[in-house]
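**Q** I'd like to ask some things about the structure below.
Read-outs: derived from the displayed coordinates by stated rules, not from any lab. As the structure is a computational prediction, the values presented were derived from the model and not from experiment. Note that each Cβ is placed from the backbone with ideal geometry, even for glycine, and that neighbours are counted across all protein chains shown.
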Amino acid sequence: MSEESIKVAVRVRPFNQREKDRNAKLIIKMHGQSTFISDPKLSQDEAKQFSFDHSYWSHDGFTELPSGILEPSNSSSPYASQQKVFDDLGRDVIKNAFDGFNCSLFAYGQTGSGKSYSMIGYGANRGIIPIACDELFQQIEKTKNSSTRYEVGVSMMEIYNEQVRDLLTQDFPKGGLSIRQHPTSGYFYPQGLRVVPVGSYTDIEHRISEGTQNRTIAATNMNATSSRAHTLVTIYFDQFIKDVHGDTKKTSVINLVDLAGSERNSSTGATGDRLKESTNINKSLSTLGNVISALADISSGSKRKIVVPYRESVLTKLLQNALGGNSKTVMIAALSPADVNFDETLGTLRFADRVKRIKNTVVVNEN
Ligand code: ADP
Ligand code: MG
């Protein structure tokens, strides 16, 4: 059993066309592990400084800066490709899974900041999830002739409006799947969630794109945008090992989470379903914020008795292990570089700053 901090990385995306058209100013600077954000209303030297395990500049951002504050030649900012981000963050996830640890990786940030780009990727620019799945099966292939047998399963769900929808089936029961609590471990899970056995990278890739498609269908049916839902891909990895010591089973649950956009939903003028929706979405994210704050206070040695409000939202029930529990957890905070997003970006950096203070208690799942 060991105590481990949640690892936190921040990644800034390039300016998008709209920001370029509006001549948006750059407010983020990175230097080594430090990230600086300047308030567009104040002077540059009043920039706030944060420090994380990794600070990633976008892969093609340097040449696009309209303000010319950072140039590739004189900047020490890391140049982060999808592969680089995987090598730093994803590779360990796979290694830890083989060692029998639960792992979680989640992306946080406002809509359009690069969460899905980092997690899933677009086209040939594969993100952490596909590269990690590829790596998992390559490792399995390498050890195939040994006395170890592997079983891999995948599930994919969406939390929207406090309801859980299974993304690996076509029918979405009204009201969603119900959340149950495991009688011995105490952890929460969605009852009846489909876990599909997968035997190769192609298999798992196929399931994830099926789920991604169902996600869009679900969002359209609900007259919503997918940016308001949380998506959870879970990989169940079991190893059955035969050696001189007898039979051992190692298990690992890998949670990969693309969170809903963290921007404050303005509920002005919302009524009926819209209002309920807005409140519930805020509830999941605001509860996540409260859970993070409570855990950060506990880790900082607060003497007060602190109750962590996991039970107050579906998202935090399902992420209980990932946050403050038995899991090696990594968070990627996705950032916009532009002045117009200052408030949201500062909010994301503050959130990330609390997350890095959290300590999880991890144990090997072996018997
Ligand atoms: P989110 O999932 O947070 O709403 P996306 O991941 O869809 O945002 O990103 C929004 C847009 O920005 C996409 O067109 C994506 O290709 C682009 N983008 C995001 N991050 C990067 C990056 N690191 N490098 C290049 N393009 C990026
Ligand atoms: Mg997205």
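**Q** What list of ³J(HN,Hα) couplings, whole Hz, do you get for segment 195-206 from phi and the Karplus terms 6.51, -1.76, 1.60, once you set θ to phi - 60° and write x for glycine and proline?
**A** 10, 9, x, 10, x, 7, 4, 4, 3, 6, 4, 4
**Q** In whole Å and largest first, what semi-axes does the C-alpha gyration tensor of the chain yield when each eigenvalue is scaled by 5 and square-rooted?
**A** Working through the eigenvalues yields semi-axes of 33, 25, 22 Å.
**Q** What does the extension gain come out to for residue 350 and residue 42, with contour length at 0.36 nm per residue minus their alpha carbon separation? Don't skip to the answer; put the middle values down first.
**A** Values: separation 308, 0.36 × 308 = 110.88 nm, distance 1.86 nm.
Length difference between fully extended and current span is 109.0 nm.
**Q** Full extension from residue 290 to residue 245: what is 0.36 nm times the residue separation minus their Cα-Cα distance, to one decimal in nm? Write down the numbers at each step before the final one.
**A** Details: separation 45, 0.36 × 45 = 16.20 nm, distance 4.52 nm.
Value of the extension gain: 11.7 nm.
**Q** Would you mind checking the pairs 115/250; 115/356; 144/249; 48/359 and listing those with alpha carbons more than 22 angstrom apart? Before the final figure, lay out the partial values.
**A** Numbers: 115/250 31 Å; 115/356 18 Å; 144/249 16 Å; 48/359 25 Å.
In this structure, 115/250; 48/359 lie more than 22 Å apart at Cα.
**Q** Oh, and also: If you place +1 on the Cβ of every Lys and Arg and -1 on the Cβ of every Asp and Glu, how big does the dipole about the Cα centre of segment 297-350 come out, in debye to the nearest 20? Display every interim value, and only then the final one.
**A** Values: 7 positive and 5 negative charges, 106 e Å.
Roughly 500 debye, rounded to the nearest 20.
**Q** Quick check: from the Cα gyration tensor, does segment 79-167 come out rounded (a/c under 1.5), prolate or oblate? Display every interim value, and only then the final one.
**A** On the way: a/c = 2.23, a/b = 1.38, b/c = 1.62.
Verdict is oblate for segment 79-167.
**Q** Note the full-extension length gain between residue 51 and residue 95 as 0.36 nm times their separation in residues minus their Cα-Cα distance, in nm to one decimal. Let's see the in-between values first.
**A** Details: separation 44, 0.36 × 44 = 15.84 nm, distance 2.56 nm.
Length gained, residue 51 through residue 95: 13.3 nm.
**Q** Could you tell me how many degrees, from 0 to 90 and to the nearest 10, lie between the Cα long axis of helix 342-355 and the main elongation axis, the longest principal axis, of the Cα atoms of the chain?
**A** For helix 342-355, the angle is close to 40 degrees.
**Q** Here is a further query. Which one of 360, 56, 236 is farthest out on the positive end of the charge dipole of the chain, using unit charges on Cβ (Lys, Arg +1; Asp, Glu -1) and the Cα centre as origin?
**A** Result: 360, furthest along the dipole toward the positive end.
**Q** Pick from 313, 104, 146: which residue has the top mean-square fluctuation in a GNM of the chain where Cα pairs under 10 Å get a spring?
**A** Taking springs between Cα atoms under 10 Å, the residue moving most is 146.
**Q** A further question on this structure: Helix-only estimate, please: 222 nm mean residue ellipticity of the chain, summing -39500 (n - 2.57) across DSSP H runs of length 4 or more and dividing by its residues, to the nearest 500. Present the calculation step by step, with values, prior to reporting the outcome.
**A** Numbers: 9 runs with 105 residues, N = 367.
Mean residue ellipticity at 222 nm (helix-derived): -9000 deg cm²/dmol.
**Q** State, to one decimal in nm, how far the label point of residue 147 lies from the label point of residue 16, with both points 7 Å from Cα in the Cβ direction.
**A** 5.5 nm
**Q** Restrict the search to segment 140-178; then list the trypsin sites (Lys or Arg not before Pro) that DSSP places in a loop and that have at most 12 other Cβ atoms within 10 Å of their Cβ. Intermediate values should be presented prior to the final figure.
**A** Details: sites: 142, 144, 149, 165, 174; in loops: 144, 174.
Filter output for segment 140-178: 144, 174.
**Q** Now a separate question. Reachable lysines from residue 41, Cα under 20 Å, same-chain residues fewer than 8 places away excluded?
**A** The reachable lysines, counting only those whose Cα sits under 20 Å from residue 41, are 20, 25, 29.
**Q** Based on DSSP, what percent of beta bridges with both residues in segment 2-362 are antiparallel, to the nearest 5? Let's see the in-between values first.
**A** Details: 50 of 71 bridges.
Here the antiparallel bridges make up roughly 70 percent for segment 2-362.
**Q** Additional query: First select every other residue whose beta carbon is under 14 angstrom from the beta carbon of residue 33; then total the charges, Lys and Arg +1, Asp and Glu -1.
**A** Values: positive: 7, 11, 29, 356; negative: 53, 88, 353.
Here the count lands on +1.
**Q** Using the Cα centre of segment 2-362 as the reference point, and only Cβ charges (+1 on K/R, -1 on D/E), how large is the resulting charge dipole? Debye, rounded to the nearest 20. If you can, show how the numbers build up before the last one.
**A** Numbers: 43 positive and 39 negative charges, 174 e Å.
So the magnitude is around 840 debye.
**Q** Taking amide hydrogens as modeled 1.01 Å from N in the peptide plane, which residues meet the under 5 Å criterion relative to residue 260, leaving out close sequence neighbours?
**A** Under 5 Å from the amide H of residue 260: 230, 231.
**Q** Looking at 338, 282, 349, which one has the Cα that reaches farthest to the positive end of the dipole of segment 2-362 (charges on Cβ: Lys, Arg +1; Asp, Glu -1)?
**A** Ranked along the dipole, the leading option is 282.
**Q** Per residue of segment 109-118, what does 6.51 cos²θ - 1.76 cosθ + 1.60 with θ = phi - 60° give for ³J(HN,Hα)? Whole Hz please, x for Gly and Pro, Karplus curve as stated.
**A** Karplus-based 3J(HN,Hα) across segment 109-118 equals x, 6, 4, x, 8, x, 5, 5, 4, 5 Hz.
**Q** Right, another one. Give the long-range amide H neighbours of residue 56: residues separated by 5 or more places, or on another chain, with amide H under 5 Å away, using H modelled in the peptide plane at 1.01 Å from N.
**A** 10, 11, 12
**Q** For 316, 35, 212, what ranking results if the residue with the fewest other Cβ atoms within 10 Å of its Cβ goes first?
**A** Numbers: 316 24, 35 29, 212 17.
In increasing order of surrounding Cβ atoms, one gets 212, 316, 35.
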